[in-house]
Every structure is written in structure tokens, then in C-alpha cells.
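J.: Please see the structure below; I have some questions.
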Amino acid sequence: MARFPQFLRAVALFASIGAAAACGRADAASRSAKADSATSTTAAVPVATNDSVANVALMQKADRSRLQGPENAMWVVMISDFQCPYCKQWHDSSMTQLKRDYIDTGKIRFAYLHLPLESIHPHARAEAQASLCAGVQGKFWEFADAIFDNFGTVRGMSNVSPLLSRIAKDLALDVPAFDKCRVSAPIASLVNNDIAQANQAGVQSTPSFIIGSFLVQGALPYKDFRKAIDTALVVAKSAKGTSSR
């Protein structure tokens, strides 16, 4: 599974924009407990059963589906919750521009890391697992767009499963395979692994972003987000130049 930067700095340069709107600051304690539990769950992925190879392959395919950009580019990782209104705000205002300016130009390698805040967003985990299963069929990003498009609808639902299946059908996915996948143990373990990685990185809220070696929290306006990326790119280039001497 993808391993994201682990040694991060939250620097004063971003202090003025680091207070941007975000979900879950008061939920940090319960999230930390979930992540501690998730670490052991992830380690317990079955390896001795006849379908272990298929399980690992499923996880790897789902994992790769939420990555964009060249492998040698600087990491930018979004830690997000599909039910967080500020994650939607950032996605709607900035994702298209980020793809145009930085992903399509090969400047960054972008990834979507799941941090479902289940105590306040009851459908977030189901949405996270569904998006990864859409990714198995090559439609992670399209599914993510559709979930955010249906944000208001999800908020009023007691059972989100019919909507997730309908989105899969609209995207021309194999719905029976999708429905089986999204309740499977390997996909649940992959989300657990995301939670553990976010906890290890010291994430306090969603959306948060690992930008090179920096951790920035909150739904930043795109102009400020650009400043953060450009600064991190300069730092990364300088560090690379120093290490090559």
C-alpha cells in the first residue's frame, strides 16, 4: 500500500491560513482511539487463506486508484471525509484547478487518504469504502465527485447503501461486484490503514493536507493553497540539491 510522508512540519509560514475551517477538531481523542485499533486490524489481514492473494490484489488495486501524477513528483496528500462540509467546500472550489495546475503538469503526486469521522458523520466510512471499490473498477475520482455532488442528499439518509449502488450504476460499474467489494474485509482494512497513517502524521481535522514535508490543516482558499505548494516545492528542490552534493 502507498506510504505517504511521515516526518512532517507544521511551520509558522502557514499559521495564518492553518486556522481555516475544518471538521472534527473536538473529535481528535475518539479518532486517535479508532486509529490505534485500526493498526491492529490492518495487521490482521488474512494471509493463509485460499483467497489471500485475491485480497491483497484487491487492496493494491484500490490503493493505486486514488493516486494521480508521476511517481517521482512531490507528494500532496489530502486527508478527507466525504461527509465533512469543509472537505466538500475545498473539493468544489479547488480540485479542478489543482489538477490543471499541478497534477496534469507533473509537479505533484496527489493522493486521497480517508479519515472518516464516524462519531459525527455516520455514513463517512461506507462512502470511503465505496469509493475505493469504484477505484477497483477504475472510477475512484468520478465516484468521489458524485459523492460530493450528493452531499446534501446523504445528510438526510438513514441508509446510504442504495445511493452508493445508484452512483455505481450511473458510472456503468459492475454493481453486484461493487456491492460485494464495499463490505469486504480487505477494503475495510485499507480504510483502517488510512486512519492509522493519518493518526501517525498528527492530523487533527479534515480536510488536512500533507504538502511535501509540511502538514496544513483546513479548507484553504486556492490562492493560499498554491502558495503552500509552491513553497513546499522550493523546499523539496533545495533539499534534493543538498542531498546530491
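The values are calculated or read from the model by the stated rules, or taken from the named source; none is laboratory data. Values in this document were obtained by computation on a predicted structure and should not be read as measured data. Because the Cβ atoms are built from the backbone with ideal geometry, glycine has one as well, and the counts that use them run over all protein chains shown.
J.: Residues in the range 67-86 that are surrounded by 22 or more Cβ atoms within 10 Å (Cβ to Cβ) and either within 12 Å of the chain's Cα centre (by Cα) or free of Cβ contacts under 8 Å to residues at least 24 places away in the same chain (or both): how many?
T.: Total satisfying the criteria: 7.
J.: Taking the range 157-192 only, how many residues are in contact with a Ser or Thr (Cβ under 6 Å, 6 or more places away or on another chain) and of a type in the set (G, A, S)?
T.: 1
J.: Could I ask something else about it? Give me the residue from the range 102-111 that is touching a helix residue (DSSP H, G or I) at 6+ places or on another chain (Cβ under 7 Å) and not in a loop (DSSP other than H, G, I, E, B) and, out of that set, nearest to N159 (Cα to Cα).
T.: Of everything passing the filter in the range 102-111, F110 is nearest to N159 (Cα to Cα).
J.: Inside the range 175-228, can you point out the residues that are among the acidic types (D, E) and either buried (at least 22 other Cβ atoms within 10 Å of the Cβ) or modelled with pLDDT of 95 or more (or both)?
T.: Result: D179, D194.
J.: Would you call S238 part of a loop (DSSP other than H, G, I, E, B) and exposed (fewer than 13 other Cβ atoms within 10 Å of the Cβ)?
T.: Spelling it out, it is not the case that S238 is part of a loop (DSSP other than H, G, I, E, B) and exposed (fewer than 13 other Cβ atoms within 10 Å of the Cβ).
J.: Applying the selection to the range 143-160, what residues are within 22 Å of D174 (Cβ to Cβ) and touching a helix residue (DSSP H, G or I) at 6+ places or on another chain (Cβ under 7 Å)?
T.: F143, A144, A146, I147, N150, V160
J.: Among (1) over 27 Å from S158 (Cβ atoms); (2) surrounded by fewer than 19 Cβ atoms within 10 Å (Cβ to Cβ), where does Q89 come up short?
T.: Among (1) over 27 Å from S158 (Cβ atoms); (2) surrounded by fewer than 19 Cβ atoms within 10 Å (Cβ to Cβ), the lone unmet condition for Q89 is (1).
J.: Determine, yes or no, whether Q204 is within 30 Å of P221 (Cβ to Cβ), polar (S, T, N, Q) and in a helix (DSSP H, G or I).
T.: Against the criterion (within 30 Å of P221 (Cβ to Cβ), polar (S, T, N, Q) and in a helix (DSSP H, G or I)), Q204 does not qualify.
J.: Ok, one more. Name the residue, out of F7, F82, that is modelled with pLDDT under 95 and of a type outside the set (K, R).
T.: F7
J.: Restricting attention to the range 183-205, does a residue exist that is free of Cβ contacts under 8 Å to residues at least 12 places away in the same chain and out of contact with any helix residue (DSSP H, G or I) (no Cβ under 6 Å at 6 or more places or on another chain)?
T.: No, every residue in the range 183-205 fails to be free of Cβ contacts under 8 Å to residues at least 12 places away in the same chain and out of contact with any helix residue (DSSP H, G or I) (no Cβ under 6 Å at 6 or more places or on another chain).
J.: Sticking with this one: Can you list the helices (runs of 4 or more DSSP H) found entirely within the range 122-163 that contain at least 1 residues being among the polar types (S, T, N, Q) and surrounded by 22 or more Cβ atoms within 10 Å (Cβ to Cβ)?
T.: Here the list reads 124-136.
J.: Among the candidates M59, M95, which residue alone is within 16 Å of the chain's Cα centre (by Cα), assigned to a helix (DSSP H, G or I) and either acidic (D, E) or at pLDDT 95 or above (or both)?
T.: M95
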